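One structure is given here, and the rest of the page talks about it.
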Amino acid sequence: MINNILKHSVRFVFLVLLQVLILNNIQLNGFINPYLYILFIIMLPFEIPVWLLMLLAFVMGISIDMFLNTMGIHAAACVFMAYTRSYVLNFFSPRDGYESNTEPSLEYLGLTWFLSYSSIMVFIHHFVFFFIEAFRLTEFFSTFFRVIVSSVFTILLIIISQYVAFKGKDKR
Amino acid sequence: MINLFRFLWKHINFIFFLLLEIFCVYLIVSNNSFQKARFVSSSNYLAGNIYSTITSIREYFYLKETNDAFALENTRLHNLTRDVFARNSTLVYLVKDSVFKQQYKYINAKIINNSVNKRNNYLTLNRGSSSGIGPEMAVISSNGIVGITKDVSENFTSVLSVLNKNAKISAKIKKNNYFGSLSWDGSDYRLGTFIDIPTHVNIAVGDTVVTNAFSDIFPENILIGKIESFDIKPGDNFYTIIVRFSTNFKNVTHVYVVTNIMKEERKKLEQQSQQNDK
């Protein structure tokens, strides 16, 4: 338990720094801006209660907001995503449920499962985020285009990070 | 009533979700109307500190460019100082602009090859004749002398380092102007040998040794180093002085090549008088 808390705290700090210091400087065409930090929320354990999940998502979002001066937009998107997470997990759950002591990651559940699960989570987050950011529906299609393109980029990064950072762990 | 609480408890997650979202929306909206909510923005303590640390780290990656810029600036300023102008006194009262006539010109360059461990050391500079460098010009760093240019190609210059058997620098002790000759004995790259100071001269450890105006290469009063120790060999009328170079030959990177504009004139005159003597 303590071990788990430590692991996720380290992941939290690492992802915030990675997001703020490196990824926010990537803005291809002014459209594509990957938000890898939501990987923290995606990878929290299955057993975590929904209220704690939302609280953590809120803290995560507000810390990113602090650095980007977006004030609550990331937090709102993160909380929304955290709330929908349990439904998405239920939708994708295997016939006999998830094994205990595992987390939603590529190494436990395979590429197909993880790809579909994380894609939906990323899409939900980006959809909420970009539409709150734009705050109007007149630019619906250009905003939607940004959602799609950024989502693809974020998903790509998430999959790569799974292979680079988390796959290496269980080999030890 | 019980049913109400049961209902609420059943949907506690959704209520919590709504509360959080309402708070977020409040933040977003208040941010729009009040510019910035004070307690979470990048002006706060934590984010501000992290950003300033990052900036100070990032500055390191631009040190090279900054250095180059400073070297360039220094060169420009050197070209404006009084030392590069020789007094042209005959015209003092006639034309104001000619009170000082420029005698030295500084060109900045970077050392791209260097050694200190051979008996005869040479340096290579990244500038050549296209920048106005010719043979037999002084090379100095901001700390003191470095060497004398030897061979010049279009874009590169080979410099005879002071740490070379063939380098004999005409030098003087700054406080009393007694002059001698400075060379390098090939052992320690930090120490040079300064000879030809008569034993009756009063010198002390720590005295400054600078170039003198006898050579047509180095401008006067360029720092060479400080006296580290001295002794008199038996039966000798001159000191043997060990000088600690002010230039650290092992890490010098930016140098100035000094052109003496009046060198030809002076050389011609000196040759002429020597020929007349014969």
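The values are calculated or read from the model by the stated rules, or taken from the named source; none is laboratory data. Values in this document were obtained by computation on a predicted structure and should not be read as measured data. Cβ coordinates were reconstructed from backbone atoms using ideal geometry, including for glycine residues, and neighbour counts include every protein chain displayed.
Points to keep in mind about this one:
- Taking region B:191-278 and the strands (runs of 3 or more DSSP E) fully enclosed by it, the elements with 2 or more residues that are among the hydroxyl-bearing types (Ser, Thr, Tyr) are at B:208-211, B:238-245, B:254-260.
- Of the helices (runs of 4 or more DSSP H) contained entirely in region A:1-85, those carrying at least 1 residues that are acidic (Asp, Glu) fall at A:50-68.
- Filtering region B:157-169 to residues that are out of contact with any Lys or Arg (no Cβ under 7 Å at 6 or more places or on another chain) and surrounded by fewer than 18 Cβ atoms within 10 Å (Cβ to Cβ) leaves B:Asn166, B:Lys168.
- Against the test of being out of contact with any strand residue (DSSP E or B) (no Cβ under 9 Å at 6 or more places or on another chain) and at pLDDT below 80, the options B:Lys96, B:Lys101, B:Lys10, B:Lys64 yield a single qualifying residue, B:Lys96.
- Region B:174-188: number of residues that are out of contact with any Ser or Thr (no Cβ under 9 Å at 6 or more places or on another chain) and not small (Gly, Ala, Ser): 4
- Any chance A:Phe12 is away from chain B (no Cβ under 14 Å), surrounded by 12 or more Cβ atoms within 10 Å (Cβ to Cβ), touching a residue at least 40 places away in the same chain (Cβ under 8 Å) and touching a helix residue (DSSP H, G or I) at 6+ places or on another chain (Cβ under 7 Å): yes
- Restricting region B:145-180 to residues that are in a loop (DSSP other than H, G, I, E, B) and hydroxyl-bearing (Ser, Thr, Tyr) leaves a set whose member that is nearest to B:Ser246 (Cα to Cα) is B:Tyr178.
- For region B:228-248, the set of residues classified as under 24 Å from B:Ser142 (Cα atoms) and in contact with a Lys or Arg (Cβ under 8 Å, 6 or more places away or on another chain) consists of B:Glu228, B:Val243, B:Arg244, B:Phe245, B:Ser246, B:Asn248, listed by residue number.
- Residues of region A:68-80 satisfying the condition of being touching a helix residue (DSSP H, G or I) at 6+ places or on another chain (Cβ under 6 Å), within 22 Å of A:Leu21 (Cβ to Cβ) and at the interface with chain B (Cβ under 7 Å from one of its Cβ atoms): A:Met71, A:Gly72, A:Ile73, A:Ala75
- Residues in region A:82-95 that are buried (at least 22 other Cβ atoms within 10 Å of the Cβ) and either closer than 12 Å to A:Tyr117 by Cβ or more than 11 Å from chain B (Cβ to nearest Cβ) (or both): A:Arg85 only.
- Failed condition for B:Ser33, given (1) modelled with pLDDT under 75; (2) within 13 Å of chain A (Cβ to nearest Cβ); (3) over 30 Å from A:Leu21 (Cβ atoms); (4) touching a helix residue (DSSP H, G or I) at 6+ places or on another chain (Cβ under 6 Å): (4)
- When restricted to residues that are among the acidic types (Asp, Glu) and touching a helix residue (DSSP H, G or I) at 6+ places or on another chain (Cβ under 9 Å), region A:132-162 contains 1.
- Which listed residue, of A:Glu99, A:Glu103, is under 27 Å from B:Glu21 (Cβ atoms) and in a loop (DSSP other than H, G, I, E, B): A:Glu103
- Among the residues of region A:57-67, those that are more than 8 Å from every other protein chain (Cβ to nearest Cβ) and either in contact with a helix residue (DSSP H, G or I) (Cβ under 7 Å, 6 or more places away or on another chain) or crowded, with 23+ Cβ neighbours inside 10 Å (or both) comprise A:Ala57, A:Met60, A:Ser63, A:Ile64.
- Boolean, B:Glu21 is in a helix (DSSP H, G or I), over 30 Å from B:Tyr189 (Cβ atoms) and modelled with pLDDT of 80 or more: yes
- Residue match in region A:96-114 (condition: surrounded by 18 or more Cβ atoms within 10 Å (Cβ to Cβ), among the acidic types (Asp, Glu) and under 23 Å from A:His8 (Cα atoms)): yes
- The residue that is surrounded by the fewest Cβ atoms within 10 Å (Cβ to Cβ), counting only those in region B:181-190 that are hydroxyl-bearing (Ser, Thr, Tyr) and in a strand (DSSP E or B), is B:Ser181.
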